[in-house]
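See structure below.
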Amino acid sequence: MVNPEAAAFYDLDNYRPEESVGYLMRLILSSMASAVDAQLADCDLTNAQWLPILKLHQGDAFTVAELARACTMDAGAMTRLLDRLESKGLCKRIRSESDRRVVNIALTETGRQVAQGIPGVLCTVLNSHLSGLSVDEFASLKGLLQRMLPNTQAAADGAATPLSHLLPGTSDAH
């Protein structure tokens, strides 16, 4: 739960988008995604495609629904992503023999080989982006991000003020 007495780090007088934590995190994530894309280009795997491959390899998910949850995607988007991965020969769908409604996902031999290389790529990319930080600074950064995580749930639960009242054709009365 968000502490109602927490400091307000931003207000209308001091807010500069280029200095906001969100913008800075987005720049870093975008840079990391580009670096991962470059590292995985030889495998014909994009930044969006490595996570499902890794989740399958680690045994974190076995069905389309589980994989979608594990990758925080909706089932439709996951199905389209799996279509691409299957066409690349990295995974296959296997209908459950015990429940015909369930479709299991399994890596092919090629998919397993690709999956084994993903953690090394991620370590390389992360370490290059963390370059210049001390061990203590790294621990602090990780701790601060972990402390922010519970706030994401509060934001998802509606703690943020919607801007719909500012859009043309909408009214303030709800």
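The values are calculated or read from the model by the stated rules, or taken from the named source; none is laboratory data. Treat the numbers as computed from the prediction; the structure is a model and nothing was measured. Every residue, glycine as well, gets a Cβ built from its backbone with ideal geometry; the counts of neighbours run over all protein chains shown.
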Review point. Can you pull out the residues in the stretch 72-94 that are buried (at least 17 other Cβ atoms within 10 Å of the Cβ) and either in contact with a strand residue (DSSP E or B) (Cβ under 9 Å, 6 or more places away or on another chain) or part of a helix (DSSP H, G or I) (or both)?
Key: 78, 81, 82, 85, 90, 91
Check your understanding: Can you name the condition, by its number, that residue 14 falls short on among (1) of a type outside the set (Gly, Ala, Ser); (2) outside any helix (DSSP H, G or I); (3) surrounded by 12 or more Cβ atoms within 10 Å (Cβ to Cβ)?
Key -> (3)
Check your understanding: Can you name every residue in the stretch 127-174 that is modelled with pLDDT under 90, surrounded by 10 or more Cβ atoms within 10 Å (Cβ to Cβ) and outside any helix (DSSP H, G or I)?
Key -> 162, 170
Exercise for review: State which residue is nearest to residue 39 (Cα to Cα) when the search covers only the stretch 81-140 and only residues that are within 20 Å of the chain's Cα centre (by Cα) and charged (D, E, K, R).
Suggested key: 84
Point to revise | The lone exception for residue 118 - which of (1) touching a residue at least 60 places away in the same chain (Cβ under 8 Å); (2) more than 21 Å from residue 28 (Cα to Cα) it fails | key: (2)
Review point. Quick one: how many residues across the stretch 21-64 are in contact (Cβ under 8 Å) with a residue 12 or more places away in the chain and surrounded by 14 or more Cβ atoms within 10 Å (Cβ to Cβ)?
Key: 23
